[in-house]
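Enquirer: Dropping a structure here in structure tokens format, bear with me for questions.
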Amino acid sequence: MTAIRFFNAHIIDPSQSIDGIGYLDIVDGVVDAIGHGTPPKAGKFEQVIDCKSSCLSPGIVDMRVQPADPGSEHLESLATLLAAAANGGITALACLPDTRPVIDEASAIDSLCLRASRIGGSRLYAYGAATKSLAGTEMAELGLMAEAGAIGFTNSTTSINDSLIMRRLLAYSSMLDKPFIQHCEDHALTANSEMNEGETSTRLGLLGSPSEAEVIIIDRDLHLLRRTDTRYHVAHISTRAGIEAVRQAKAEGLAVTADTSPPYFLLNELAISTYNSAFKLSPPLRSEDDRQAVIEGLADGTIDAISSDHMPVDRDAKMQPFGPAQPGASGVDTLLALSLTLVHQGHISMPRMIEALSLAPASILDMTGGTLSPGSAADFILFRPNSSWIINGANFKSNSRITPFESHPVQGIVDATYVDGAAIFLRQ
């Protein structure tokens with residue numbers, strides 16, 4: 001039996017409404033006890049660790065990561081992805097299916113998860129592709145992928161624009177009790193677009209993507225959702241209209257959830273004024289009003305979760321004129337620090353941030369993590385929320401080092417990441 005005690009920690013666990021100085025006892029990789037104040041003296045521990053008032057919380061559960069392995073290992077291998085996740089305090093991550101080959105059959109899920117388990121570190125889960133080869137025209141083998149461990153189904157970075165296919169996908173997802181994750185974008189409205197449509201796109205001479213393209217798909221899907229009992233999730237929501245549609249759906253009692261990512265609550269379309277292609281993302285950076293709506297949605301719970309939206313991109317494909325440059329950016333190394341900006345600016349509380357980064361995504365996807373309740377897996381992190389640093393992509397553990405937050409000052413440093421009570425990252 002291996003027993004470890006962590007004491008003098010600022011414990012934050014929204015699942016138990018814990019927010020204060022306390023202790024955590026781990027026995028054989030499982031949470032044995034947690035409490036406020038001074039720990040009881042009973043018990044023998046192999047290690048007793050003074051956390052020196054650092055924050056201790058459930059590990060981050062990143063529900064939206066685009067892997068490049070297999071198929072584009074030069075952009076990001078599983079080893080570098082898992083190392084970056086551990087460094088960033090991520091104890092579990094969910095991978096999109098747009099690898100090469102596409103994860104549209106059970107054997108691909110088995111292979112990816114087996115390879116990750118051999119590397120060790122953060123827990124890795126995989127989505128199953130909703131349609132074969134992500135083409136959007138023919139359903140993939142959802143049942144077999146569910147049996148192989150798919151945590152949900154998605155068409156990754158493209159919407160299902162065929163309403164009949166979408167209705168069938170929702171029905172099958174409901175039958176299999178798996179959430180459906182939708183990138184909401186009417187591609188007919190956004191074809192060849194380069195940024196958000198508005199005054200800024202006109203001034204810069206770039207082809208605009210109307211923000212209505214997001215809510216049009218959300219509204220259609222909500223109508224289809226009323227005919228099923230499916231769990232429906234809006235990925236990286238970015239517009240006021242889309243957020244309001246989700247808010248109304250929740251009030252109606254529909255099983256709808258949503259996540260967003262740091263660029264959409266920290267940046268707006270004005271960042272593109274320098275034509276720096278690091279700011280080219282999908283969805284595109286929106287207006288300041290949309291950015292404020294994202295913050296409001298996180299504060300009131302309309303937006304349930306925050307994800308990294310990590311999308312490795314080839315430097316040659318990025319270092320082009322803004323129009324032809326490929327969208328995407330790194331996200332796992334900076335997720336905690338950028339999310340803490342909301343706390344430091346007074347928009348949300350620390351427990352709400354941990355809920356959005358950990359408890360909510362774990363609950364949405366039925367993944368291990370999100371809680372430190374006795375009997376749960378000891379997946380947690382130690383971090384200093386007020387320690388300052390400057391984002392420098394060259395120092396990322398990830399192989400993908402392009403970020404729209406280059407040279408951005410942030411606060412929040414992860415000192416340790418634990419999975420099953422074992423340290424997978426310790427800051428030297």
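The values are calculated or read from the model by the stated rules, or taken from the named source; none is laboratory data. Given the structure is predicted, the values throughout are model-derived calculations rather than measurements. Note that each Cβ is placed from the backbone with ideal geometry, even for glycine, and that neighbours are counted across all protein chains shown. When the accessible area is computed, the model is the full protein with side chains, heavy atoms only, and any ligands, DNA or RNA have been set aside. Shrake-Rupley method; radii C 1.70, N 1.55, O 1.52, S 1.80 Å.
Enquirer: Could you please give the count of residues in the stretch 259-277 that are within 19 Å of the chain's Cα centre (by Cα), in a helix (DSSP H, G or I) and hydrophobic (A, V, I, L, M, F, W, C)?
Expert: Final tally of qualifying residues: 2.
Enquirer: Okay, moving on. For the condition buried (at least 17 other Cβ atoms within 10 Å of the Cβ) and either of a type in the set (G, A, S) or in contact with a strand residue (DSSP E or B) (Cβ under 8 Å, 6 or more places away or on another chain) (or both), what is the one hit in T202, T154?
Expert: Step by step, each of T202, T154 is checked, and only T154 is buried (at least 17 other Cβ atoms within 10 Å of the Cβ) and either of a type in the set (G, A, S) or in contact with a strand residue (DSSP E or B) (Cβ under 8 Å, 6 or more places away or on another chain) (or both).
Enquirer: Taking the stretch 167-199 on its own, how many of its residues are more than 21 Å from A130 (Cβ to Cβ) and either open to solvent by less than 10 Å² (accessible area, probe 1.4 Å) or within 21 Å of the chain's Cα centre (by Cα) (or both)?
Expert: 2
Enquirer: Moving to a separate point now. Can you tell me how many residues within the stretch 112-125 are outside any helix (DSSP H, G or I), touching a Ser or Thr at 6+ places or on another chain (Cβ under 8 Å) and closer than 15 Å to I151 by Cα?
Expert: Count: 2.
Enquirer: Inspect all residues belonging to the stretch 341-358 and state whether any of them is open to solvent by less than 10 Å² (accessible area, probe 1.4 Å) and assigned to a loop (DSSP other than H, G, I, E, B).
Expert: No, the stretch 341-358 contains no residue that is open to solvent by less than 10 Å² (accessible area, probe 1.4 Å) and assigned to a loop (DSSP other than H, G, I, E, B).
Enquirer: Which of the residues belonging to the stretch 398-428 are of a type in the set (S, T, Y), under 30 Å from D316 (Cα atoms) and in contact with a strand residue (DSSP E or B) (Cβ under 9 Å, 6 or more places away or on another chain)?
Expert: Scanning the stretch 398-428 gives S398, S400, S407.
Enquirer: Let me ask something else. For the subset of the stretch 363-379 comprising residues that are in contact with an Asp or Glu (Cβ under 9 Å, 6 or more places away or on another chain) and in a helix (DSSP H, G or I), which member is most open to solvent (accessible area, probe 1.4 Å)?
Expert: Filtering the stretch 363-379 for residues that are in contact with an Asp or Glu (Cβ under 9 Å, 6 or more places away or on another chain) and in a helix (DSSP H, G or I), the one most open to solvent (accessible area, probe 1.4 Å) comes out as S363.
Enquirer: Sticking with this structure for a sec: Taking the stretch 390-415, which residues are free of Cβ contacts under 8 Å to residues at least 40 places away in the same chain and touching a Lys or Arg at 6+ places or on another chain (Cβ under 7 Å)?
Expert: Passing the criteria: only A394.
Enquirer: Out of all the residues in the stretch 81-99, is one or more free of Cβ contacts under 8 Å to residues at least 40 places away in the same chain and over 30 Å from S387 (Cβ atoms)?
Expert: Looking for residues that are free of Cβ contacts under 8 Å to residues at least 40 places away in the same chain and over 30 Å from S387 (Cβ atoms), one finds at least one in the stretch 81-99, hence yes.
Enquirer: Looking only at the stretch 205-241, filter to residues that are among the hydroxyl-bearing types (S, T, Y) and open to solvent by 20 Å² or more (accessible area, probe 1.4 Å); which one of those is farthest from Y172 (Cα to Cα)?
Expert: Per the criteria, the residue is S211.
Enquirer: Can you find even one residue in the stretch 369-387 that is touching a residue at least 60 places away in the same chain (Cβ under 8 Å) and within 15 Å of the chain's Cα centre (by Cα)?
Expert: Yes, the stretch 369-387 has at least one match.
Enquirer: Looking only at the stretch 312-340, which residues are open to solvent by less than 20 Å² (accessible area, probe 1.4 Å) and among the basic types (K, R)?
Expert: K318, the sole residue that qualifies.
Enquirer: Name every residue in the stretch 327-346 that is under 13 Å from T403 (Cα atoms) and of a type outside the set (S, T, Y), in order of residue number.
Expert: Answer for the stretch 327-346, where residues must be under 13 Å from T403 (Cα atoms) and of a type outside the set (S, T, Y): P327, G328, A329, G331, V332, D333, L335, L338.
Enquirer: Another question, then. Kindly provide the set of residues from the stretch 1-44 that are touching a helix residue (DSSP H, G or I) at 6+ places or on another chain (Cβ under 8 Å) and of a type in the set (V, I, T), ordered by number.
Expert: I12, I34
Enquirer: Looking at the stretch 126-151, which of the residues that are among the small types (G, A, S) and part of a loop (DSSP other than H, G, I, E, B) is surrounded by the most Cβ atoms within 10 Å (Cβ to Cβ)?
Expert: If we take residues in the stretch 126-151 being among the small types (G, A, S) and part of a loop (DSSP other than H, G, I, E, B), then A130 is surrounded by the most Cβ atoms within 10 Å (Cβ to Cβ).
Enquirer: Further question on the same structure: Among the residues of the stretch 380-402, is any within 30 Å of S72 (Cβ to Cβ), of a type outside the set (V, I, T), in a strand (DSSP E or B) and open to solvent by 10 Å² or more (accessible area, probe 1.4 Å)?
Expert: Step one: filter the stretch 380-402 for residues within 30 Å of S72 (Cβ to Cβ), giving 381, 389-402.
Imposing the further condition that a residue be of a type outside the set (V, I, T) reduces the set to 389, 392-401.
Within this subset, residues satisfying the condition of being in a strand (DSSP E or B) are 389.
Then drop every residue that is not open to solvent by 10 Å² or more (accessible area, probe 1.4 Å), which leaves 389.
Yes - at least one qualifying residue is present in the stretch 380-402.
Enquirer: Right, something else. Which fully enclosed strands (runs of 3 or more DSSP E) of the stretch 1-111 have 3 or more residues being open to solvent by less than 30 Å² (accessible area, probe 1.4 Å) and within 20 Å of F383 (Cβ to Cβ)?
Expert: Once the strands (runs of 3 or more DSSP E) in the stretch 1-111 are filtered for at least 3 residues that are open to solvent by less than 30 Å² (accessible area, probe 1.4 Å) and within 20 Å of F383 (Cβ to Cβ), what remains is 3-13, 18-27, 55-58, 60-65, 90-95.
Enquirer: Here's a follow-up. Please go through the stretch 277-303 and pick out each residue that is open to solvent by 30 Å² or more (accessible area, probe 1.4 Å) and of a type in the set (K, R).
Expert: R291
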